[in-house]
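Read through the structure below, which is laid out as structure tokens, and then see the notes.
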Amino acid sequence: MPTINIQNFLSDISRIVGAKYVLSETDVMAEYLEERRGNYTGEADAVVLPANSSEVASVVKMCADSNIPIVPQGGNTGLCGGAVSKRGQIILNLKRLNRITDVDPINDTMTVEAGCILADIQQAASNIERYFPLSLGAEGSCQIGGNLSTNAGGINVLRYGNAREQVLGLQAVLPDGQIWSDLNELRKNNTGYDLRNLLVGSEGTLGIITAAVLKLYPQPRQVETAFVALKDLDSCLELLTAARIDSGGTLSSFELIPELGIELAEKYVPGCRNPLSTSSDWHIIMVYSSTANGTDLRLALENTLGNALDNEIISDAVISASETQTAQIWKIREGLVEAQQMAGERYTYDVSVKISQVPEFIERAGMLAQSKMTGIRPYAFGHVGDGNIHLSLFQPNDVDGTVFRSRLPEFDELIFDLVHEYGGSFSAEHGIGLLKLEEMSSYKDPAGLSVMRAIKQAVDPFNIMNPGKVLP
């Protein structure tokens with residue numbers, strides 16, 4: 001294939017999307033090149049900002065014809081390097097595809113373009129007294145296309161499922177520039193291969209999601225939130241079991257909070273405060289929510305917690321008495337993540353095991369880490385109700401930062417071997433990107449990898465769509 005003159009190529013792209021939407025100067029591209037955690041800083045020949053699916057298709061077709069790789073990008077809030085580019089590639093950022101094109105409150109669906117901000121979708125649903133349950137820390141800036149491409153999780157997976165469960169139809173641009181449009185609003189559609197679920201979670205390696213039909217739900221009329229001090233870590237399973245039974249299907253969140261997390265959040269994040277006067281090593285944020293007016297959820301939650309106190313499952317609890325107090329409780333959960341970034345060097349893991357294995361996994365992971373490095377501080381929190389644990393291991397005070405960073409491979413092997421022993425997943429909700437390619441080789445079933453490679457080769461034979469991501 002002849003060498004491409006990049007300036008001529010970008011001039012042709014400019015005729016499709018407009019010259020001001022083709023960014024090629026390094027300082028202008030900077031915000032699109034750095035990964036959120038700062039682990040990766042990419043390069044690119046250009047950042048292209050199309051306005052609609054037709055423009056996306058035209059740009060992709062040009063790239064395919066010229067064999068120029070594309071890195072699809074949404075809000076650039078990913079945590080695994082999935083939207084990081086390099087020289088010789090272009091970033092295709094979809095933030096201008098930001099329209100909500102249809103809302104059907106009878107069918108409980110909303111059709112949105114991929115660049116819509118998640119919080120805006122939530123608000124649009126609320127405006128028609130409906131509820132879109134996907135909720136995560138970056139919802140004020142992440143885009144729905146990126147949420148779908150990584151099959152995002154969040155705090156409501158326990159009741160509503162991952163992002164994949166929130167989608168009925170998709171539109172995507174394929175690696176050859178074709179637009180595949182299946183924006184159906186049907187609950188039943190048994191017509192061949194499920195291409196929708198193939199694209200959701202593929203991290204832009206098989207195509208670029210440009211629009212989606214999302215499921216909506218009745219808006220909760222009652223929401224009761226409690227902050228609970230556990231007797232010990234094992235007690236979280238007893239409390240979860242009781243809450244599932246007592247709530248009558250209304251349990252929507254069940255989040256594990258360590259005492260160290262509260263301490264760091266209170267230290268580093270203004271406004272974070274433990275609502276309980278007593279101390280405990282482990283806490284839970286739990287939520288009962290219902291669309292019905294006749295059910296007394298507060299009484300149900302009081303009964304759950306009262307029985308748990310009587311049975312010595314928990315040591316203390318408070319049920320929120322106002323929206324302000326509820327916001328303060330959730331601020332602690334949000335502060336766990338923010339405080340980590342201020343508290344020093346750490347290794348971080350996004351893993352999952354069976355729900356029944358969560359306490360044992362956390363305890364074993366902590367003990368193994370401490371036996372390998374004296375003074376290391378385990379910091380586990382997350383979505384106990386679906387088995388997803390966010391585990392950090394903080395640098396000991398007497399270990400040099402350079403030494404600590406150099407030992408990351410040892411701890412990766414330790415934690416991921418343990419996850420594998422439990423039959424768990426080394427990536428629960430953040431994806432693979434660049435960060436976990438080695439783990440894909442080490443822990444993913446070889447037959448499964450072979451099928452994935454065959455699909456990639458069939459759909460994207462010239463490997464122009466987010467090359468180097470997901471598949472080792």
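The values are calculated or read from the model by the stated rules, or taken from the named source; none is laboratory data. The structure presented is a predicted model; accordingly, all values stated were derived computationally and were not measured. As a convention, Cβ positions derive from the backbone with ideal geometry for all residues, glycine included, and neighbour counts pool all protein chains shown. These accessible areas exclude ligands, DNA and RNA; they are computed on the full protein's heavy atoms, side chains included. Shrake-Rupley method; radii C 1.70, N 1.55, O 1.52, S 1.80 Å.
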Could you look through the range 96-114, keep only residues that are part of a loop (DSSP other than H, G, I, E, B) and either open to solvent by 30 Å² or more (accessible area, probe 1.4 Å) or charged (D, E, K, R) (or both), and pick out the one that is farthest from PRO218 (Cα to Cα)? ARG96
Residue by residue through the range 300-316, note down the ones that are small (Gly, Ala, Ser) and open to solvent by 30 Å² or more (accessible area, probe 1.4 Å). SER315
What are the residues in the range 438-469 that are closer than 27 Å to THR41 by Cβ and either open to solvent by less than 40 Å² (accessible area, probe 1.4 Å) or in a loop (DSSP other than H, G, I, E, B) (or both), if any? GLU439, MET440, LYS456, ASP460, PHE462, ASN463, ILE464, MET465, ASN466, PRO467, GLY468, LYS469
Within the range 1-60, can you find the residues that are hydroxyl-bearing (Ser, Thr, Tyr), assigned to a helix (DSSP H, G or I), in contact (Cβ under 8 Å) with a residue 12 or more places away in the chain and in contact with a strand residue (DSSP E or B) (Cβ under 9 Å, 6 or more places away or on another chain)? TYR21, TYR32, SER53, SER54
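Just one of ILE117, ILE144 is closer than 19 Å to VAL56 by Cβ and open to solvent by less than 10 Å² (accessible area, probe 1.4 Å); which is it? Lay out the reasoning, then the answer.
Values: ILE117 fails: open to solvent by less than 10 Å² (accessible area, probe 1.4 Å).
The unique qualifying residue is ILE144.
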Do any residues in the range 357-381 that are under 16 Å from ASP412 (Cβ atoms) and surrounded by fewer than 17 Cβ atoms within 10 Å (Cβ to Cβ) have Cβ atoms under 7 Å from those of residues that are modelled with pLDDT of 95 or more and among the acidic types (Asp, Glu), where the two are at least six apart or on different chains, and which pairs are they? LYS372/GLU410
Run down GLY74, GLY115 and say which single residue is in contact with a Lys or Arg (Cβ under 7 Å, 6 or more places away or on another chain) and modelled with pLDDT of 95 or more. GLY115
Going through SER322, SER352 one at a time, which residue ends up being farther than 23 Å from ALA428 by Cβ, open to solvent by 10 Å² or more (accessible area, probe 1.4 Å) and hydroxyl-bearing (Ser, Thr, Tyr)? SER322
Regarding the range 416-428, can at least one residue be identified that is closer than 24 Å to LEU264 by Cβ and of a type outside the set (A, V, I, L, M, F, W, C)? no
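Take ARG159 and tell me if it is under 29 Å from ALA243 (Cβ atoms) and assigned to a helix (DSSP H, G or I).
yes
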Within the range 231-282, which residues are under 16 Å from ALA300 (Cα atoms) and in contact with a His (Cβ under 9 Å, 6 or more places away or on another chain)? SER253, PHE254
Considering only residues that are open to solvent by 10 Å² or more (accessible area, probe 1.4 Å) and either touching a helix residue (DSSP H, G or I) at 6+ places or on another chain (Cβ under 8 Å) or not aliphatic (A, V, I, L, M) (or both), which ones fall in the range 120-137? ASP120, GLN122, GLN123, SER126, ASN127, GLU129, ARG130, TYR131, SER135, LEU136, GLY137
Flag for ASN303 being out of contact with any Ser or Thr (no Cβ under 7 Å at 6 or more places or on another chain), touching a residue at least 24 places away in the same chain (Cβ under 8 Å), polar (S, T, N, Q) and assigned to a loop (DSSP other than H, G, I, E, B): no
Look at the range 147-194 and say how many of its residues are open to solvent by 20 Å² or more (accessible area, probe 1.4 Å), in contact (Cβ under 8 Å) with a residue 60 or more places away in the chain and not polar (S, T, N, Q). 10
Where LYS231 falls short, out of the listed (1) of a type in the set (Lys, Arg); (2) surrounded by fewer than 19 Cβ atoms within 10 Å (Cβ to Cβ); (3) in contact with a Ser or Thr (Cβ under 9 Å, 6 or more places away or on another chain); (4) within 23 Å of ILE257 (Cβ to Cβ): (2)
Could you say whether any residue in the range 450-457 is more than 19 Å from the chain's Cα centre (by Cα) and under 27 Å from GLN357 (Cα atoms)? no
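Checking the structure you have, find out if any residue of the range 41-59 is over 22 Å from LEU97 (Cβ atoms), surrounded by fewer than 20 Cβ atoms within 10 Å (Cβ to Cβ) and small (Gly, Ala, Ser). Can you show your working first?
If we filter the range 41-59 for residues that are over 22 Å from LEU97 (Cβ atoms), which is where we start, we get 41, 43.
Checking which are surrounded by fewer than 20 Cβ atoms within 10 Å (Cβ to Cβ) leaves us with 41, 43.
From what's left, small (Gly, Ala, Ser): none.
No: the range 41-59 contains no residue that is over 22 Å from LEU97 (Cβ atoms), surrounded by fewer than 20 Cβ atoms within 10 Å (Cβ to Cβ) and small (Gly, Ala, Ser).
For the range 269-299, how many residues meet the condition of being in contact (Cβ under 8 Å) with a residue 60 or more places away in the chain and either among the small types (Gly, Ala, Ser) or open to solvent by less than 70 Å² (accessible area, probe 1.4 Å) (or both)?
14
Can you pull out the strands (runs of 3 or more DSSP E) entirely within the range 162-280 that have at least 3 residues that are under 30 Å from ASP65 (Cα atoms)?
On the way: elements: 167-173, 179-182, 208-215, 222-230, 251-258.
Once the strands (runs of 3 or more DSSP E) in the range 162-280 are filtered for at least 3 residues that are under 30 Å from ASP65 (Cα atoms), what remains is 167-173, 179-182, 208-215.
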